[in-house]
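Worksheet: the structure to be examined is printed underneath.
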Amino acid sequence: MDALEVADLSFRYGRKEALKSVSFHVASGEFCALLGPNGAGKSTLFALLTRLFVARQGRIAVMGQDLQAAPRAALAQMGVVFQQMTLDLDLSVARNLAYFGALHGLSRRDAALRATEVLERLDMAERAGEKARDLNGGHRRRLEIARALMHRPRLLLLDEPTVGLDARSRAAITTHVHGLARDDGLAVLWATHLVDEVTPSDTVLILHQGQILQRGRAQDIAPEHGLAAHFMALTEEPAA
Amino acid sequence: MSPYLRAMTAILGREALRFLTQRERFLAALVRPLVWLLVFAAGFRAALGLSITPPYQTYITYEVYIVPGLVAMILLFNAMQSALSLVYDREMGSMRLLLTAPLPRWWLLFCKLLAGVLVSILQAYAFLAIAYFYGIRLPPMGYVWVLPALLIAGMMLGAVGLFLASTIRQLENFAGVMNFVIFPVFFLSTALYPLWRMAESSTLLRDICAWNPFTHAVELIRFALYLRLNLEALGWVALTFAVFMGLALWGFDPARGMMNRKTR
């Protein structure tokens, strides 16, 4: 069973068509990079996948649960890291995790145990008592990923999670998330416009002007000139 | 504990923590009604005589009359403040996080609303305590009776704020809406003057005040403070709550409401 299945998904803002019949799937253990330039429709797709928006055409299923028909069952299988930071800066790392755990139905005890696990997984165990406000950008992002893992989701969605981070933090986060897919069997959909975050074994989805232009393994879809050149050529805007 | 209660406890706990860490907000919310009570009402005491009208059983000073209105004012301003923070949360993303929790959206919004109202009620009681030491003495049991009135009036005003938050796309638009909502709603009510006083100057003004749901919130609180139930006010407040809560849920419904509009 695919962890995420998107079929014939379309969405418009008034007359403007933001997504045009988008279909793809992400399997368990697969790291899928959703590549697209700014304005390609990535954030709209994320809003639809997280049910902030509802599409009038198309189907989204998470671990076989239809997001429209059974939204709670589908959302329970999903961990999300939004592009904008969504931490409560006045709360400690542990309290941020406890709050989110409670929203997902974890008891206080289970949330505390799970928080210890996920913080260790992301090398942040020693920061549990620190205020989120005192963390640097890279650690704040890691905390958001830890939070998204609190309820043991089977699908992790990340919308441009490395925006604004330095190279070291970016590398650490991409390594961690690749590890989650490889070692824990988590399905990952990672939206980005930064081609260097993709490894050769990742699946790549190229989204441009609301359409999926290509899907395949990074090493297979651009063997000659490299993914960056291929991506640039595919998404090149016509000269005005 | 059910997931519903667990989420409610978490949302209320978070709001309580925010309240404890933002003491300036608490004090600022008290300054406004206190200025009205200590300065405005004191100045008007001589100019405004008030006859015996229910729920009062004797002549009262203007300061005594104005207290329920100022309590309702705290609820009103807090409701708008909560709505503003909802718009902010939505722009900043933390609202998104809340809405992706695997619980019905109406429940999450209800918990958020309740959390804001409970903070308002604490502020209302703090104001009543200060008013007591200033010399405004209410029936002792009135402080207990008023609790349900504060809760339902706060929920009504919070629902109005929630509805506004669902319709407003950008933070900068909110200030204008606040001015168009808060001031007319407050001044066109019985918070500062009784209806018969309004009627003396304009029957149209009196009718507008009588239709204003905030008037009924004020009267519900006023009567409760004097151990009386104003059924008409309760009915209007409950109805207004139901209507605006329904509209707010519609506004936040991803399938039907205004969430699907793109923020520009």
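The values are calculated or read from the model by the stated rules, or taken from the named source; none is laboratory data. Quantities reported herein were computed from a predicted structural model and do not represent experimental measurements. Ideal geometry is used to build each Cβ from the backbone, glycine not excepted, and the neighbour counts take in all protein chains shown.
Worth pointing out:
- Listed by position, the helices (runs of 4 or more DSSP H) enclosed by segment A:68-127 that each have at least 3 residues that are surrounded by fewer than 15 Cβ atoms within 10 Å (Cβ to Cβ) are A:108-121.
- Test: residue in segment B:77-88 that is among the hydroxyl-bearing types (Ser, Thr, Tyr), in contact (Cβ under 8 Å) with a residue 60 or more places away in the chain and within 14 Å of chain A (Cβ to nearest Cβ): yes
Every residue, every condition in (1) surrounded by fewer than 21 Cβ atoms within 10 Å (Cβ to Cβ); (2) modelled with pLDDT under 90; (3) farther than 28 Å from A:Arg51 by Cβ; (4) over 19 Å from the mean Cα position of the chain (by Cα), yes or no:
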position: A:Lys131; (1), (2), (3), (4): yes, no, yes, yes
position: A:Ala148; (1), (2), (3), (4): no, no, no, no
position: A:Leu157; (1), (2), (3), (4): no, no, no, no
position: A:Glu160; (1), (2), (3), (4): no, yes, no, no
position: A:Val188; (1), (2), (3), (4): no, no, no, no
position: A:Gly210; (1), (2), (3), (4): no, no, no, no
position: A:Pro223; (1), (2), (3), (4): yes, yes, yes, yes
position: A:Ala228; (1), (2), (3), (4): yes, yes, yes, yes
position: A:Thr235; (1), (2), (3), (4): yes, yes, no, yes
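- Looking across segment B:1-10, the residues that are facing chain A (nearest Cβ under 8 Å) and assigned to a helix (DSSP H, G or I) come down to B:Pro3, B:Arg6, B:Ala7, B:Thr9, B:Ala10.
- Checklist (1) in contact (Cβ under 8 Å) with a residue 12 or more places away in the chain; (2) assigned to a strand (DSSP E or B) applied to A:Leu48, failing item: (2)
- Qualifying residue in segment A:16-31 (condition: at negative phi, in a loop (DSSP other than H, G, I, E, B) and of a type in the set (Val, Ile, Thr)): no
- Verdict on B:Pro139 being over 19 Å from the mean Cα position of the chain (by Cα) and closer than 22 Å to B:Val218 by Cα: yes
- Of the residues contained in segment B:35-56, none is found to be more than 14 Å from chain A (Cβ to nearest Cβ), within 25 Å of B:Glu172 (Cα to Cα) and part of a helix (DSSP H, G or I).
- A single entry from B:Arg96, B:Arg105 fulfils the requirement of being touching a strand residue (DSSP E or B) at 6+ places or on another chain (Cβ under 9 Å), over 20 Å from B:Thr215 (Cα atoms) and within 14 Å of chain A (Cβ to nearest Cβ): B:Arg96.
- Some residue of segment A:166-185 being polar (S, T, N, Q) and closer than 17 Å to A:Pro37 by Cβ: no
- Count of residues meeting criterion [facing chain B (nearest Cβ under 9 Å) and closer than 30 Å to A:Ala27 by Cβ] in segment A:88-112: 6
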